[in-house]
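Just so you know, all these numbers are worked out from the coordinates, no wet-lab data involved. The model shown is predicted, which means the values in this text are computed figures rather than measured ones. Every residue, glycine among them, receives a Cβ derived from its backbone with ideal geometry; neighbour counts consider all protein chains shown.
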């Protein structure tokens, strides 16, 4: 009984502490700004649907802001719309539109400054410069937001979800379109990017710089200007992502530059100009991925070492592997290559002759790109066949000694 | 004119060679599609057939046919018929029978197994190449009186378009590797109908690889509607120009 009363008291106390403030045209308080002034820590501000253009709203208290039926918070193309400068803030269900654009300041739809445990969820951001921006964020959740921008040029556009010097972030289930980079990470550690859709962004769908020990799972990166780029990081893990239709000479399913100790598993690379482009990557494991209908499934430069490429399916790619030198310090074993023409006498589902994934013509095209116009002509087929018998141009060590006879079920 | 065309077509279709050509195409296409585990790979093997075998058969068969029907042509010429009409009827007859043979032999299996944009492009290119090489063959046949020499020339023409031309282009590409050759290559490709056809198919088949920098230049030209229209016009020119010159030659020829 004692505890019950104590609990009751507790509830009463907290209930007394945490007020709910209604904001709306027909309510006592009609502006968000005055509600923010009135609110104390742990209060909830409920915003009725409507149009609110109140300049830059700065949140300095530990409060929850919840929109009902997506109230529109308008930055009038001049201001940063919502700035969060307190911990444990929740921003839920707002429609943030028209943030200012600046080449000096990084205006954002919703921006976190040195905050912890902030949750930003179920918001819709339209035509913001940066979408959601975290600066020194710790342990924050950015969940189920939809970000759309319509800018045409990279320099006029900001990133969708931009995290800088943050840690333990959770970016989950967001959908980002039309920004410069869909998701941008710089000096962000121990974070997870899960089930996001990043499509039709001007530059990268996902851009990683100096961000270690992050994981991204189940995202879709489609039709971005330059695909996905992961640079200067280590211990990055990528599982079950889709990289599709990233087209162009500088567009990659993933660009891995100076990446080490990372793990790429169960991803789908479909119809990219280059599925994976590795430069200076080391100790990266590429396993159980599916490469379909890419121009080059894998471009692995001679500057890469100790990478392991195993148990992947290579289907319908124009070129399986491209490289720029004869030095090979990587291992390719046990993959399925649909261009493999060997045999399997002992029926153990492993081909008895090794497969050379680098075709001569991919070396020729690497050196002399216009030669692409002769691709698939009788002449070049002949050259490829001769090269298979007597390798001279292609790197001798780049072989899959145990190619699979049947594709894996991936 | 209609009567002559009808006669030529029935004559050719009765011919065992064109029949076996159709069956050969049909057998190869069906085997390719049923052997390969994915049909887009089958399309790739068919591509080589279309680019190599179709021109070869149509150029050689047409030349031989023209030489063998020399007496028939002389007979026709003695009738009150325009020489131009006789020659064009012969061309129409040959072109129609090769088109029919290709459509049955390769078109039907492609439509059955792979009715995609790539498949349709292969059919279109195959038909055009058949007709182009009929026109080229007739030009070669009318130029030389000697049968053996004529057939030799047509084989050389085929060898040139199918193999030597690409070799020369590759050689030039490497000799002038320091220069921006992308745009020049587009012009060069118009000089060889087989290459032009191959590029049109490539644009559908390897579109991801072609989206690279140089590929993008090709894509920007050949991938647009104007580019495709221009390419098809060039392919049609490859029919019209040899036909025009061979007709002119035939009209003036002392048989």
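Details
- Averaged over B:116-124, number of beta-carbon atoms from partner chains that fall within 10 Å: 0
- The Cα atoms of region A:187-230 give a gyration tensor whose axes a ≥ b ≥ c have a/c of 1.5 or more with a/b no greater than b/c, which makes the shape oblate.
- With N the number of residues in region A:211-294, Rg(Cα) / (2.2 N^0.38 Å) evaluates to 0.96.
- Scattering profile of region A:248-337 at q = 0.18 Å⁻¹ [log10 I(q)/I(0), Debye over alpha-carbon scatterers]: -0.69
- Between residue B:82 and residue B:27, the FRET efficiency estimated from the beta carbon spacing at R0 = 45 angstrom works out to 0.65.
- Shielding by partners for peptide B:162-174, expressed as the average number of C-beta atoms from other protein chains within 10 Å of each residue's C-beta, is 4.
- Nearest 10 degrees, 0 to 90: helix A:2-17 Cα axis against chain A principal axis: 90 degrees
- Sorted by Cβ density within 10 Å, fewest first, the residues A:363, A:231, A:169: A:231, A:363, A:169
- Rg and Dmax [Cα atoms of region B:135-233; Å; Rg one decimal, Dmax integer]: 16.3, 50
- For the peptides B:157-164, B:136-143, A:244-251, residues were scored by their other Cβ atoms within 10 Å and the scores averaged per peptide; the highest-first order is B:136-143, A:244-251, B:157-164.
- Taking one quarter of the surface of the convex hull spanned by the alpha-carbon atoms of region A:11-151 gives a direction-averaged projected area of 8.4 nm².
- For chain B, the mean residue ellipticity at 222 nm estimated from helices alone is -26000 deg cm²/dmol, where every DSSP H run of n ≥ 4 contributes -39500 (n - 2.57) and the total is divided by all residues, rounded to the nearest 500.
- Principal semi-axes in Å for chain A [√(5λ), Cα gyration tensor, largest first]: 51, 23, 16
- Per-residue ellipticity at 222 nm from helix content only, as computed over chain A with -39500 (n - 2.57) for each DSSP H run of at least four residues, stands at -3000 deg cm²/dmol.
- For region A:261-410: rounded, prolate or oblate by the Cα gyration tensor [a/c cutoff 1.5]: rounded
- As a proxy for reagent exposure, B:253, A:288 were ordered by neighbouring Cβ count within 10 angstrom, fewest first; the result is B:253, A:288.
- When you count the other C-beta atoms within 10 angstrom of each residue and take the mean per peptide, A:222-229, A:128-135, A:252-259 line up highest first as A:128-135, A:252-259, A:222-229.
- Ellipsoid semi-axes for region B:71-126, based on the Cα gyration tensor and the rule √(5λ), read 36, 10, 6 Å when sorted largest first.
- Calculated on C-alpha atoms, the gyration radius of region B:119-181 divided by its Kirkwood radius gives an Rg/Rh of 1.14.
- Once the Cβ-Cβ distance of residue A:190 and residue A:104 is raised to the sixth power relative to R0 = 35 Å, the FRET efficiency obtained is 0.65.
- Net lengthening on full extension, residue A:388/residue A:343 (0.36 nm per residue, minus Cα-Cα): 14.7 nm
- Each of B:198, B:83, B:14 has some number of other Cβ atoms within 10 Å of its Cβ, and from fewest to most they run B:14, B:83, B:198.
- Sorted into 10 angstrom bins from 0, the C-alpha pair distances of region A:101-225 split as 15, 52, 31, 2 percent.
- Highest-first packing order for the peptide set B:113-122, A:78-87 is A:78-87, B:113-122, based on the mean count of other beta carbon atoms within 10 Å.
- More than 22 angstrom apart: percent of Cα pairs within region B:24-178: 51 percent
- Region A:168-242 versus region A:296-354: alpha-carbon centroid distance in Å: 27 Å
- Averaged over peptide A:265-272, the number of partner chain Cβ atoms lying within 10 Å of each residue's Cβ comes to 1.
- Label positions at residue B:17 and residue A:136, each projected 7 Å from the Cα along the C-beta direction, are separated by 8.7 nm.
- A straight line joining the Cα centroids of region B:132-184 and region A:72-133 runs 65 Å.
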